[in-house]
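To keep things clear, I will list the structure first and then write my remarks on it.
The values are calculated or read from the model by the stated rules, or taken from the named source; none is laboratory data. No experiment lies behind these values; they were computed from the predicted model shown. Neighbour counts are summed over all protein chains in view; Cβ atoms, including those assigned to glycine, are modelled from backbone coordinates with ideal geometry. Surface accessibility is based on the protein's heavy atoms, side chains included, excluding ligands, DNA and RNA. Shrake-Rupley method; radii C 1.70, N 1.55, O 1.52, S 1.80 Å.
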Amino acid sequence: MLTVALVGGLHSDARRAAVDRLLADVPGSVALHHDLATAPETGTVARTVRDATGVLSTGETPLVNDCACCALRADLVPELERFRDSGLTRLAVVELWDSVEPKAMAEVVASAGFRIGAVVTAVDPALLLPYLGNGDDLADVGLAAAATDRRTVADTWARQLEYAPVLAVTENPEADSEDRALLDQLHPTARRIPVEGGGLAAVVFAGFDVEAAAAAQHPACALLPQEADDHGVATYVWRHHRPFHPERLYAALEDLTCAAARSRGRFYLADRPDTLLAWDAAGGALCVESAGPWLASLPDAAWELVPPVRRAAAALDWHPEHGDRCQHLVFTSPGLDRDGLAEVLGSCLLTDAEYAAGRESWKGLASAFDTLLEV
């Protein structure tokens, strides 16, 4: 039976080293790679299939809707089917191109009926902070997957890192204790395996649950990092049940976004108390999106339509007055100013007088986030 392992990440040298290691250590393995780099000029995506001995075949597939990533999706499944039908391939390692995110590809592979053994992100620890702090648009550095791609290096790298349950970590003498502490705190539940140690072969057949992985990334039930402080890197967890004043929080966004290399979580505003908002910041840029309603705002009958993991997450933090509505923001960075963050965040909450005025009064507050949420 064919097993598929996805290996991705913006650290291309680390990614290639991880794939090479798997090809060397797993008999009957092949690697499939789609190179999107020249797609805008050539109108095609280059495909390479190789094993431990070298390149087995090359080919091209045309762009789909002017989207290199769409072409990858259209070509990936037929290639995997060819490996499966041959009966000669035990493990197909899909080496994702630089800015391709593993979540979308894992869902494509799983929906086609293939067994995913693992999703791995390759990491060079010395490059972790530089990439996390890089606010450049992917298009400006030649890494956009489509003409409409508006992602940045930092937010793409953060998602690649945090989605994968396995991190393949390369050795780099320039990496220090701060780099390793930052990696530990950004994704504390990940299994970190040294590429040079040969342990990757033991995990690529373990199995990967696409639905569980998606649930773990949903803002309502994501397992966010806990408080930590090590080698100059800190993670600060800020929680509260009182709603934010929309105008005061909006005015503080720049300070909050720039206060940490990475911050994420969930929050709500007084003027829209039923809407769960996702906070996602990296590289000095913040993305705020609606993630649907809080469960406390739904009628009882609607709860049966909510995934069990979401109901369980809400029950763990249920408040007698606010239900699952909460402010839960996590900031991770070298040199983090916990006291400064606490002061700014606290100043953005409703005051006692504003809170006592009640929900109907809150809804009359100026909707400072309208423009941001429309983007």
Binned at 5 Å starting from 0, the alpha-carbon pair-distance distribution of segment 139-205 in whole percents comes out as 3, 14, 20, 20, 17, 14, 9, 3
What is the magnitude of the charge dipole of segment 1-107 about its Cα centre, with +1 placed on the Cβ of each Lys and Arg, -1 on the Cβ of each Asp and Glu, and no other charges, expressed in debye to the nearest 20? 300 debye
In segment 174-235, carbon and sulfur make up what percent of the accessible area (probe 1.4 Å)? 49 percent
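For n ≥ 4 DSSP H runs only, could you compute -39500 (n - 2.57) per run for the chain, divide by its residues and tell me the 222 nm figure to the nearest 500?
Values: 14 runs with 126 residues, N = 375.
Calculated at 222 nm, the ellipticity per residue is -9500 deg cm²/dmol.
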Tilt relative to the chain, helix 246-257 - C-alpha long axis, 0 to 90 degrees, to 10: 40 degrees
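For an R0 of 41 angstrom, estimate the FRET efficiency from the Cβ-Cβ distance between Asp229 and Asp136 and round to the nearest 0.05.
Working: r = 30 Å, r/R0 = 0.73.
With R0 = 41 Å, the Cβ-Cβ based efficiency is 0.85.
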Rounded to a whole number, what is D in µm²/s for segment 58-212 from Stokes-Einstein with the Kirkwood radius over alpha-carbon pairs (37 °C, 0.692 mPa s)? 193 µm²/s
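Just reorder Arg50, Arg338, Arg191 by solvent-accessible area, largest first, 1.4 Å probe, all chains present.
On the way: Arg50 35, Arg338 65, Arg191 140 Å².
Putting Arg50, Arg338, Arg191 in descending order of accessible area: Arg191, Arg338, Arg50.
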Full-extension gain between Asn172 and Asp317, please, as 0.36 nm times their residue separation minus the C-alpha to C-alpha distance. 48.1 nm
At what distance in nm do the modelled label points of Gln217 and Val237 sit from each other, each positioned 7 Å from its Cα along Cα→Cβ? 2.3 nm
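Report the full-extension gain for the segment Ser347 to Thr148: residue separation times 0.36 nm, less the Cα-Cα distance, to one decimal in nm.
On the way: separation 199, 0.36 × 199 = 71.64 nm, distance 3.76 nm.
Gain on stretching Ser347 to Thr148: 67.9 nm.
Quote the FRET efficiency, to the nearest 0.05, computed for Ala285 versus Leu88 with a Förster distance R0 of 45 Å and r equal to the Cβ-Cβ distance.
Plugging the Cβ-Cβ distance into 1/(1 + (r/R0)^6) gives 0.45.
Using a 10 Å Cβ count of at most 12 others and DSSP loop calls, identify the longest part of the chain lacking such GluC sites (Glu not before Pro). If you can, show how the numbers build up before the last one.
On the way: sites that count: Glu174, Glu227, Glu321.
Excluding the exposed sites themselves, the longest stretch runs over 1-173.
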Tilt relative to the chain, helix 12-25 - C-alpha long axis, 0 to 90 degrees, to 10: 50 degrees
Most fluctuating of Ala315, Ala46, Ala126 in the GNM of the chain (C-alpha, under 10 Å) is Ala315
Can you quote the Å³ per residue value for the convex hull of the Cα atoms in segment 263-318, rounded to an integer? 97 Å³
Considering only C-alpha atoms, what is the centroid distance from segment 116-184 to segment 219-284, in Å? 21 Å
Pairing the Cα long axis of helix 102-111 with the longest principal axis of the chain, what angle in degrees results, from 0 to 90 and rounded to the nearest 10? 70 degrees
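From the C-alpha coordinates alone, can you work out the Kirkwood hydrodynamic radius of the chain, in Å?
Values: mean 1/r = 0.0452 Å⁻¹.
Value: 22.1 Å, from the Cα pair sum.
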